[in-house]
Amino acid sequence: MFTAPESLIESSRIPMSRTGADGAWVADVTLAPGTCYAFRADGDGLSPARLLLDPRALAIGRLPAPLDPLSAVTDTVFDWANALLTAASRRMEPVR
C-alpha cells in the first residue's frame, strides 16, 4: 500500500495466502477509494523489487516513468435511489 501515488516506498505490506481448490492468492482487506497498491512476487523469473499491477484493478494510480505503475481502489457504490429521483424530476420534451 502507498500513502499517495507519488510515494516511492510502500507504507505497509499485507501478506497474502493461498486458498481454495485453485490455489489462488488472496488477502482480506478493506481499502478506501483512492488507495494505491501493487503486488510483489518472487520466483519464476519475477523480482520482488518490481511492482505488479492488479489485473482486475479498475483504475491506475500513476504512470510516470521510471516509477512502476500502481493500481488504485475506486468507489463502485452508485446511489440508484437518488439517480432515479433526479432523472424523474427532469422535464423531458418530446423530439419532433
Query raised in the report: Among the strands (runs of 3 or more DSSP E) contained in the chain, which hold 2 or more residues that are of a type in the set (A, V, I, L, M, F, W, C) and either modelled with pLDDT of 85 or more or surrounded by 10 or more Cβ atoms within 10 Å (Cβ to Cβ) (or both)?
Result: 24-26, 59-62, 70-72
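Residues checked against (1) under 17 Å from residue 73 (Cα atoms); (2) charged (D, E, K, R); (3) touching a residue at least 60 places away in the same chain (Cβ under 8 Å):
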site: 3; (1), (2), (3): yes, no, no
site: 6; (1), (2), (3): yes, yes, no
site: 17; (1), (2), (3): no, no, no
site: 37; (1), (2), (3): yes, no, no
site: 41; (1), (2), (3): no, no, no
site: 44; (1), (2), (3): no, yes, no
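The values are calculated or read from the model by the stated rules, or taken from the named source; none is laboratory data. As the structure is a computational prediction, the values presented were derived from the model and not from experiment. Every residue, glycine among them, receives a Cβ derived from its backbone with ideal geometry; neighbour counts consider all protein chains shown.
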